[in-house]
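Participant: This is the structure I have questions about; it appears just below.
The values are calculated or read from the model by the stated rules, or taken from the named source; none is laboratory data. The model shown is predicted, which means the values in this text are computed figures rather than measured ones. For neighbour counting, all protein chains shown are included, and Cβ atoms are generated from backbone atoms with ideal geometry for every residue, glycine included. Side chains included, ligands, DNA and RNA excluded: accessible areas come from the protein's heavy atoms. Shrake-Rupley method; radii C 1.70, N 1.55, O 1.52, S 1.80 Å.
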Number of protein chains: 2
Amino acid sequence: MKNVIVGQSGGPTAVINSSLLGVFKTAKDRGADKVYGMVHGIKGLLDRNIVDLTSRIKNDLDMDLLKRTPSSFLGSCRYKLPDIDGNEKTYDKIFEILKELEIVAFFYIGGNDSMDTIMRLSDYAKKINSPIKFMGVPKTIDNDLAITDHTPGYGSAAKYIAATAKEIIRDGLVYDYPVVSVVEVMGRNAGWLTAATALAKSEDCEGVDLVYLPEVTFDIEKFTKDVGKFLQENRSLVIAVSEGVKVADGRYVCELSEHVDYVDEFGHKQLAGTARFLAGKIAEKYGVKTRAIELSSLQRCAAHIQSRIDMTEAFNCGGAAVKAAFEGCSGMVVTLKRVSDYPYICVTETADVHLIANVEKKVPREWINADGTNVMPALVHYIKPLIQAEITPLWVNGLPRHIRLDALSDIK
Amino acid sequence: MKNVIVGQSGGPTAVINSSLLGVFKTAKDRGADKVYGMVHGIKGLLDRNIVDLTSRIKNDLDMDLLKRTPSSFLGSCRYKLPDIDGNEKTYDKIFEILKELEIVAFFYIGGNDSMDTIMRLSDYAKKINSPIKFMGVPKTIDNDLAITDHTPGYGSAAKYIAATAKEIIRDGLVYDYPVVSVVEVMGRNAGWLTAATALAKSEDCEGVDLVYLPEVTFDIEKFTKDVGKFLQENRSLVIAVSEGVKVADGRYVCELSEHVDYVDEFGHKQLAGTARFLAGKIAEKYGVKTRAIELSSLQRCAAHIQSRIDMTEAFNCGGAAVKAAFEGCSGMVVTLKRVSDYPYICVTETADVHLIANVEKKVPREWINADGTNVMPALVHYIKPLIQAEITPLWVNGLPRHIRLDALSDIK
């Protein structure tokens, strides 16, 4: 008997279900009996909310729909396991359920917060001499995981952001008077997603005029001057700004105008309104028409415009995690290693989860221009391969078809 | 010599350039010598900012790119012609330029404001006995034009909105605690666009839970109660709300916000959005996580997810306008007449511009449920054919390729 279990955690991406499929299919191909899914991650496991995936992903059509379905098929959670010391009861409960289900390998698809779960569980397994293997499958639109060249989920978000930026630029330049469009992109501490707007610049597109990443301290005075320079040419412009830009005293720009309305259980502030605040500043200062556009959750769920490179890599990371676990690995995360840029070649490796959990990778300063108002060609060069090629949605009745989980637990 | 001229006006749509192509190609096919384009509509004409389209749309590739390019290829304006009486100088100037360019027919692609231009110009032509024909080509994502069954531009916006709603719903239901997502859709006075979110409900999607159109007076108390009912089931929900919903005293919901983002050059308060305001109300009342999502200008420029039905009809409307003008029509607007729902058959007709200019068509009350919290099946039935079938973007280097105008005037 060789059963495995898989969960999804943290914010979803357009391709997180391809990683799930990579785990499912590879585990089945390599002889797993049952592939269980935790509904709502580790929290679902603790609640014994577990499904038998073989009864949910039944055929090729289900698999192809799963690849094209945004959000986490199994549901997600933002639950973080407590310290092992003093909380052995929680860990014992988890291992008891895993034993009951005859689990030999445990896969968790998530970002740096979720890798904390893999780290703690594999540490505990070592402590109690459990033979269960724990493997992390990287996922995040934020692209802020250490060691890996990039993360599955980033390429599709970048493709959506760049394509949308091209459309916003065409739309923004339509009138014969200046309009300043400020586009707010996700990324609390890392500017990878905002940087993707720079890909809009191409033979057929003017590109965004100014790009502000959270890696550079934001200065409202300087910002209004930067914009003023463009307005001297009496033309419309499009500005990309990360939701996470901060002024010198450490406050987020959006905190300068509005209260933070929500803090999640990891202490992350829910940010909104940076674009709106900055658009207001520009309108006030220059009396021009402004427009604030938040890409909001659309940038992580726009599965209708996936990058095929990204989708394939997401699948491969899931598969590589199974392969590694079945070969004896534990406490590791699958990483992507870029072998070559053009032609783009990328392979999977594995890295110790302790080097990845809770670590954030930011955009290197040298990939941002000296002025902090745009990205350097090296950054565009880095992102470009990740947005390549497409996957056609399965259009049914005019809309992309998805697959959803009937979430009733199979083991209660 | 048989020259024609065409302009685009008002807010762009994903398919407004297909109408431009319809005018261009049909005029050429039917023997036009030159097809001129006004850059930034009638305002560009007055500024003698005019291009020879034959030198800008040179081959089949240009034509296929034009169909897939969002925003108005020729640029737009929001300029409304003054009353004829007392402003004969402006009109004489226009007719002088048209005479100089040997124009026999004038086409204007726009919504009910833009049709005002066609009405005034054709009225003036009659007055001065000018033989020039003036034809309107309908366009607006808002679908609020009278007489025509629907407007080109609406189907693609509806497809984008419905597809995005499906993705937001999947994303919104991912956590194991309730999240209330409020999606704000364009439409100041007519709820056609917001109604398109109802198309999300399908075999694979729960659909939006509540839909609020501006045709029904909005009641904040009732709204929070409506939401509360769903929250009793302790689940996430997705709400669609038109930007134009108003309370009983006639104020827009967003005007109820005490928070003023900024004051613009005319002293107008720029208010936080409707979705943001309502999400705040729900968070306050029920202490749940909320999310405000504005589809903003994305809903009118997302050319990467056009409806092919819409694109084809946009092209046909342009072509039909040329045919009508060349057959002697003037002061008319091309309209769409639905012959049959399923199978969907729709033909072009023409209608007197006086019946269309400055008139707004709203959603009939009987297509909204009694409670004002959702749309009726008849409305879904009406929209569904309009979002059918797809047109693949021309993907170049991972992004949809567009075509843009080198806007230097050819006649100055």
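Participant: Go through (1) surrounded by fewer than 24 Cβ atoms within 10 Å (Cβ to Cβ); (2) touching a Cys at 6+ places or on another chain (Cβ under 6 Å) for B:THR26 and report which single condition fails.
Facilitator: The number of the failed condition is (2).
Participant: Somewhere in segment A:78-92, is a residue aliphatic (A, V, I, L, M), surrounded by fewer than 22 Cβ atoms within 10 Å (Cβ to Cβ), over 20 Å from A:ASN49 (Cβ atoms) and touching a helix residue (DSSP H, G or I) at 6+ places or on another chain (Cβ under 7 Å)?
Facilitator: yes
Participant: If a residue must be among the hydrophobic types (A, V, I, L, M, F, W, C) and within 18 Å of A:ALA378 (Cβ to Cβ), how many such residues does segment A:340-351 contain?
Facilitator: Number of matching residues: 1.
Participant: From the list A:ASP341, A:ASP352, which one is in contact with a Phe, Trp or Tyr (Cβ under 9 Å, 6 or more places away or on another chain) and either open to solvent by less than 60 Å² (accessible area, probe 1.4 Å) or over 17 Å from A:ALA196 (Cα atoms) (or both)?
Facilitator: Only one candidate qualifies: A:ASP341.
Participant: Which condition number in (1) touching a Ser or Thr at 6+ places or on another chain (Cβ under 6 Å); (2) on the phi > 0 side of the Ramachandran plot is the one that A:VAL137 fails?
Facilitator: A:VAL137 satisfies every listed condition except (2).
Participant: So in segment A:371-406, with the set limited to residues that are of a type in the set (Ser, Thr, Tyr) and within 30 Å of A:ILE220 (Cβ to Cβ), which one is nearest to the other protein chains (Cβ to nearest Cβ)?
Facilitator: The extreme case among them is A:TYR382.
Participant: Among the residues of segment A:387-410 satisfying the criterion of being touching a residue at least 24 places away in the same chain (Cβ under 8 Å) and touching a Cys at 6+ places or on another chain (Cβ under 9 Å), which is most open to solvent (accessible area, probe 1.4 Å)?
Facilitator: Going through the qualifying residues, I end up with A:ARG404.
Participant: Taking B:SER156 as the residue in question, decide whether it is at pLDDT 95 or above, under 29 Å from B:ASP310 (Cα atoms) and hydroxyl-bearing (Ser, Thr, Tyr).
Facilitator: yes
Here's the yes/no breakdown for (1) open to solvent by less than 10 Å² (accessible area, probe 1.4 Å); (2) modelled with pLDDT of 95 or more:
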| residue | (1), (2) |
| --- | --- |
| B:VAL260 | no, no |
| B:ALA272 | yes, no |
| B:ALA283 | no, no |
| B:ILE293 | yes, yes |
| B:ALA302 | yes, yes |
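Participant: Could you tell me which numbered condition B:GLU206 fails, if it satisfies all but one of (1) within 16 Å of B:MET186 (Cα to Cα); (2) within 14 Å of chain A (Cβ to nearest Cβ)?
Facilitator: Result: B:GLU206 passes all but (1).
Participant: Separate question: Any idea how many residues of segment B:182-221 are surrounded by 24 or more Cβ atoms within 10 Å (Cβ to Cβ) and touching a Lys or Arg at 6+ places or on another chain (Cβ under 6 Å)?
Facilitator: 1
Participant: State all residues of segment A:323-378 that are among the β-branched types (Val, Ile, Thr) and touching a Ser or Thr at 6+ places or on another chain (Cβ under 6 Å); if no residue qualifies, say none.
Facilitator: A:VAL334, A:THR335
Participant: Can you tell me which residue is farthest from the other protein chains (Cβ to nearest Cβ) among those in segment B:117-142 that are out of contact with any Gly (no Cβ under 8 Å at 6 or more places or on another chain) and either farther than 30 Å from B:LEU101 by Cα or of a type in the set (S, T, N, Q) (or both)?
Facilitator: Among residues in segment B:117-142 that are out of contact with any Gly (no Cβ under 8 Å at 6 or more places or on another chain) and either farther than 30 Å from B:LEU101 by Cα or of a type in the set (S, T, N, Q) (or both), the one farthest from the other protein chains (Cβ to nearest Cβ) is B:ASN129.
Participant: I've got another one for you. Looking only at segment B:169-183, decide whether some residue is within 24 Å of B:SER18 (Cβ to Cβ) and within 12 Å of chain A (Cβ to nearest Cβ).
Facilitator: No - not one qualifying residue is present in segment B:169-183.
Participant: Tell me the helices (runs of 4 or more DSSP H) entirely within segment A:51-159 that contain at least 3 residues that are farther than 18 Å from A:ALA314 by Cβ.
Facilitator: So the answer is A:88-100, A:112-127.
Participant: Would you check if there is a residue in segment B:45-56 being surrounded by fewer than 17 Cβ atoms within 10 Å (Cβ to Cβ) and touching a Gly at 6+ places or on another chain (Cβ under 9 Å)?
Facilitator: Looking for residues that are surrounded by fewer than 17 Cβ atoms within 10 Å (Cβ to Cβ) and touching a Gly at 6+ places or on another chain (Cβ under 9 Å), one finds at least one in segment B:45-56, hence yes.
Participant: Right, another one. Please give the strands (runs of 3 or more DSSP E) falling wholly within segment A:283-364 in which 1 or more residues are of a type outside the set (A, V, I, L, M) and more than 14 Å from every other protein chain (Cβ to nearest Cβ).
Facilitator: A:332-340, A:345-352
For (1) within 21 Å of A:TYR108 (Cβ to Cβ); (2) among the hydroxyl-bearing types (Ser, Thr, Tyr), each residue gets a yes or a no:
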position: A:GLY328; (1), (2): yes, no
position: A:VAL339; (1), (2): no, no
position: A:TYR344; (1), (2): no, yes
position: A:VAL375; (1), (2): no, no
position: A:GLN388; (1), (2): no, no
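Participant: What number goes with the only condition from (1) at pLDDT 95 or above; (2) surrounded by 14 or more Cβ atoms within 10 Å (Cβ to Cβ); (3) among the aliphatic types (A, V, I, L, M) that B:ALA357 does not pass?
Facilitator: (1)
Participant: So which pairs qualify, if the first residue must be in segment B:274-295 and without any contact (Cβ under 8 Å) to a residue 40 or more places away in the chain, the second must be assigned to a helix (DSSP H, G or I) and crowded, with 24+ Cβ neighbours inside 10 Å, the Cβ gap must be under 8 Å, and the two must be at least 6 apart or on different chains?
Facilitator: Taking only residues 6 or more apart or on different chains, the pairs are B:PHE277/B:VAL253.
Participant: Condition test on B:PHE95, is it open to solvent by 10 Å² or more (accessible area, probe 1.4 Å) and at pLDDT 95 or above?
Facilitator: In short, yes.
Participant: Turning to a different aspect of this structure: Got a number for residues in segment A:1-49 being of a type in the set (S, T, N, Q), more than 14 Å from every other protein chain (Cβ to nearest Cβ) and under 23 Å from A:LEU145 (Cβ atoms)?
Facilitator: Looking only at that region, the number is 3.
Participant: Out of the strands (runs of 3 or more DSSP E) lying entirely within segment A:175-248, which hold 2 or more residues that are modelled with pLDDT under 95 and under 26 Å from B:ARG401 (Cβ atoms)?
Facilitator: none
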